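Trainee: The structure under discussion is supplied below as C-alpha cells; questions concerning it will follow.
A short reminder: the numbers here are calculations on the coordinates, not readings from a lab. Note that the structure is a prediction, hence the values are computed from the model and not measured. Positions of Cβ are generated from backbone atoms using ideal geometry, with glycine treated the same way; all protein chains shown enter the neighbour counts.
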Amino acid sequence: MNIFDTFSKVLKTIIAGLEKDGKLPNGLNLNNVTIEPPRDVTHGDISTNIAMVLTKQARMKPRDIADMVADGLREVDGVEKVDVAGPGFINITLKQSIIQSQVATILDANNNYGSSEIGEQEKVNVEYVSVNPTGPLHVGHCRGAIFGDALASLLDYTGYDVTREYYINDAGGQIDVLARSAYLRYKEAMGVDIGEISEGLYPGDYLIPVGKALAEKYGDRWLGAEESEWLNDIRQFATDAMMDMIRSDLDTLAIKHDVFFSEITLHTSGQIQASLDKLKDKGLIYTGVLEAPKGTKPDDWEERPQTLFKSTNFGDDVDRAVKKSDGSWTYFAADVAYHNDKIERGFTSLVNVWGADHGGYVKRVDSVIKALTDNKVKLDVRLCQMVKLLRDGVPVKMSKRSGSFITMRDIVNEVGKDVVRFIMLTRKNDASLDFDFARVTEQSKDNPVFYVQYAHARVHSVLRKAQAAFPDLDVSKVALAGANMSVFTDSSELSLIRNMMNWPRFVESAALAREPHRIAYYLYELASEFHALWNKGNDNLDLRFIIEDDSDKTLSRLALISAVATIIATGLNILGVEPVTEM
C-alpha cells in the first residue's frame, strides 16, 4: 500500500465530485499534481499543490479551490485535520492510528511493499558494460556495470519489462590488435623470446594464459606463418577467451545480462545495409562532403565524398558518415544497425549506460533513433563518471596484471562485492566518486554500506535474543503483523514509521528519474533513524525493543523493527547487496 497513491485517488474522487456539482469545470488535468510529505514535518503528513495546478485551468483563485478540496478531505477516514497554507497548499495530518497501522501494512506486503506497476510493462532495454573484449574489466567499467544492473532491478521492481543487454564490440580494429597481442603470447608459450611488448599491443599478463591455450590447441601450426593465415582463427579464439574473462569478472559482482549481442553479426547478416535502407527510404541518406572538424588545419584535411545520414534534422551538430569513401562501413553505421535491431525487437524505451568519455556520441545515436521511429522510441543515455581510487587519501597505483589500470577483480577481492556495489551507488552516476579503501572498510557511521547492513543485522540479533527471552513467542511475519501497534506513541517511533511510509514513493521517484543512488541514500537515512531509536532505548527503558516480562509489548517492538528490516532487505536486493543477518 502506497498511502500517497491512496490520497492521489482520493483527490481525483473529490475533484470529480466538484466537477459533477458544477463547482469546478469539467476535464481538469491533474497530471502535475504532487502528493508528498511536507518539507516541514510540523505541517502534517501529506501536502499537495493541487489548488495551484488547477487555478489557471479553472480560472479561480487557488485559495478558493483549496478550501473546497480541503472540505472534501476532512470527510476522509483517517484524516485528523486539513490546513490550507499560503496561496493554497493543502496540508493533511493523519490520525495517529493510521500512522501506527502502516507497520502491519509493511509486514503483510513483505518484500512487495514499495513495488508498483508504474512501468505498465513497457519494454525497456538497459544496455550496460559493453566493454571492448580486449582485457579484464577495470574500475571505470565497474561503476557503469553496477549502475546499469541496479537500474535494471529498480525498473523491474516498478513494473517495467526489462531486458539487460551487453553489446560485444567484436568487429573493430581493436580486435585485430587483440589477436596480434595474443599471437605474441602464443609465440612466447612456444618458447620464442618475444622481448619487449611493442607499443600499440596489449601488454597485460592476462594474455599469457591465452597464449598457452593457443599453444595447446594449435602446437607449432602458426609459428612463422603469415598474419593473414592465423588472424581470423586467433581473433575468434582470443575474443571468446576475453568474453569468458569478462563474464567471470561480472560474476564477482553478481552482474547479470539476459542478452550478449555480437557486433560482428550485424556485418555478417546484412543488418547494416537493411537499417540504412530504412533511412534512405525516408530521404535521410545522401552523398556529401563533411567540413573539417574544429581545430583541424586545412592542410591536414582531405575533402572526400562519403555516404552521410542527415542527423542534423534531428538535433545533431553535424551530419554523420555511415560509409567511408573506400566503401567500408563507419563505426556509426554499426550503431545504427544495432539500435534498429533493438527497435525491431519491440523495445519502446532504450537506456544506454556509457562512460563519460562517450558523451559526444549521445546526439548522433539519439538522432538516428528519432529518425527510425518517428520519435516514438525514447533513448536515455546515462553517463558514468570515472572513479578515483584512494588508499588513505593517496591515489592507488596501477595493476600489474592489467598492464595499465586497476581491475574490477582487484577491488572486489580486497573489499568484497557488497562494499563495491553499495559505494558505487552512493553518488549520482554523472558525479565524480572517490573510492578510498580505508574508508569503505571501516565499521562506522561514515561507512554507509556498513551502517545499513549493520541495521539489518541488528534487527535479526534482537529477534534471536527475543526468542531466547520468550521461547514460546511467535515472531513470524503473520504474528508480528497482528501485534498491538497502538504502543507506538513516542515521536521517534512515529517519525520512523513516517519514514517507512515514504518508501513506495521514494522507489517510484527513483525509477522515474532512473537514479538508483536514491535507494542507497534512503536506506542510509532509514538506518540512521533506526540506530537513533536503538540508542534512545538505552536511556528510556520503555523504548527498548525487548521488554522484560512483557511479551505483548516486545512483540509490538519486534514488529516495528522487522518492518525496518523488511524495507532495508528490499532496498539492498534492488542494489544487489546482501542483507546480512549477522556481522
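Trainee: For the range 444-575, compute the number of Lys pairs whose alpha carbons are separated by less than 20 Å, excluding pairs fewer than 8 positions apart on the same chain.
Mentor: On the way: 445/536; 465/477; 465/536; 465/553; 477/553; 536/553.
Step by step, the pairs that qualify in the range 444-575 add up to 6.
Trainee: Shifting gears a bit: Among 144, 54, 7, whose Cα sits farthest toward the positive end of the charge dipole of the range 1-144 (+1 at Cβ of Lys/Arg, -1 at Cβ of Asp/Glu, about the Cα centre)?
Mentor: 54
Trainee: Between residue 265 and residue 244, what's the calculated FRET efficiency when r is the beta-carbon distance and R0 is 22 Å? Round to 0.05.
Mentor: E(calc), rounded to 0.05, equals 0.75.
Trainee: If you average the sequence gap of Cα pairs under 8 Å that are 6 or more apart and divide by the length of the range 439-583, what percent do you get for the contact order?
Mentor: 38 percent
Trainee: Which percent of Cα-Cα pairs in the chain sits in each 10 Å bin, short to long?
Mentor: Using 10 Å bins, I get a P(r) of 3, 14, 19, 21, 19, 12, 8, 4, 1, 0 for the chain.
Trainee: Answer with one residue from 31, 449, 583: the one whose Cα lies farthest towards the positive end of the charge dipole of the chain, charges on Cβ with Lys, Arg +1 and Asp, Glu -1.
Mentor: Most positive-ward Cα: 31.
Trainee: Among DSSP beta bridges whose residues both lie in the chain, state the antiparallel percentage, nearest 5.
Mentor: 45 percent
Trainee: Turning to a different aspect of this structure: With a cut-off of at most 10 other beta carbons within 10 Å, and DSSP calling the residue loop, which GluC sites (Glu not before Pro) in the range 70-146 qualify? Please list them.
Mentor: 75, 117, 120
Trainee: In the range 271-355, which GluC sites (Glu not before Pro) are in a loop and have at most 12 other Cβ atoms within 10 Å, using DSSP for the loop call?
Mentor: In loop regions of the range 271-355 (DSSP not H, G, I, E or B), the sparsely surrounded GluC sites (Glu not before Pro) are 291, 302, 303.
Trainee: Within a 10 angstrom radius of the beta carbon, how do 98, 90 rank from fewest other beta carbons to most?
Mentor: Least to most surrounded, the residues fall as 98, 90.
Trainee: Tell me, what is the percent relative contact order of the range 239-320, built from C-alpha pairs under 8 Å that lie six or more residues apart?
Mentor: That works out to 18 percent.
Trainee: May I pose another question? Normalised by the residues of the chain, what does the relative contact order come to in percent, with Cα pairs under 8 Å and at least six apart?
Mentor: Here the relative contact order equals 16 percent.
Trainee: Could you tell me which of the pairs 278/323; 282/376; 256/428; 187/217; 282/324; 278/370 are separated by over 19 angstrom between their Cα atoms in the structure shown?
Mentor: The pairs that break the limit, which is 19 Å between Cα atoms, are 256/428; 282/324.
Trainee: Explain nothing, just compute: Karplus ³J(HN,Hα) = 6.51 cos²θ - 1.76 cosθ + 1.60, θ = phi - 60°, for every residue of the range 411-427 in order, whole Hz, x for Gly and Pro.
Mentor: Along the range 411-427, the couplings run 5, 5, 4, 7, 10, x, 4, 4, 4, 4, 4, 5, 4, 5, 10, 8, 10 Hz.
Trainee: Which value, in debye to the nearest 20, gives the size of the charge dipole of the chain about its Cα centre, when Lys and Arg are +1 and Asp and Glu are -1 at the Cβ? Walk me through the intermediate numbers first.
Mentor: On the way: 66 positive and 84 negative charges, 200 e Å.
Around 960 debye, computed over the chain.
Trainee: Now a separate question. Could you list 543, 94 in order of exposure, starting from the residue whose Cβ has the fewest other Cβ atoms within 10 Å?
Mentor: With the sparsest Cβ surroundings first, the list reads 543, 94.
Trainee: May I ask you to give the average projected area over all directions of the convex hull of the Cα atoms of the range 173-252, in nm² rounded to one decimal?
Mentor: Here the figure is 5.4 nm², rounded to one decimal.
Trainee: Let me ask something additional. HN-Hα J couplings of the range 254-268 from phi, Karplus 6.51/-1.76/1.60, θ = phi - 60°, integer Hz, Gly and Pro as x?
Mentor: Running phi through 6.51 cos²θ - 1.76 cosθ + 1.60 with θ = phi - 60° gives 6, 8, 10, 9, 8, 9, 10, 9, 8, 4, 4, 5, 5, 7, 8 Hz.
Trainee: To the nearest 10 degrees, how steep is helix 208-218 against the longest Cα principal axis of the chain, on a 0 to 90 scale?
Mentor: Long axis of 208-218 versus the principal axis of the chain: about 50 degrees.
Trainee: Give the residue from 218, 336, 237 lying farthest towards the positive end of the charge dipole for the range 216-365; charges sit on Cβ (+1 for Lys and Arg, -1 for Asp and Glu) and the dipole is referred to the Cα centre.
Mentor: Of the options given, the answer is 336.
Trainee: Exposure proxy check: 425, 494 ranked by fewest other beta carbons within 10 Å?
Mentor: In order of increasing Cβ crowding within 10 Å: 494, 425.
Trainee: Considering every pair of different Cα atoms, what Kirkwood radius, in Å, is found for the range 3-94?
Mentor: 12.9 Å
Trainee: Counting only Cα atoms, I'd like the Rg/Rh figure for the range 106-262, Kirkwood definition for Rh.
Mentor: Reported Rg/Rh, Kirkwood definition of Rh: 1.15.
Trainee: Would you kindly derive the ³J(HN,Hα) couplings of the range 120-137 from the backbone phi angles with the Karplus curve 6.51 cos²θ - 1.76 cosθ + 1.60 (θ = phi - 60°), listing them in order in whole Hz, with x for Gly and Pro?
Mentor: Listing the rounded values in order: 6, 6, 4, 7, 10, 9, 10, 9, 8, 6, 6, 7, 3, x, 10, x, x, 6 Hz.
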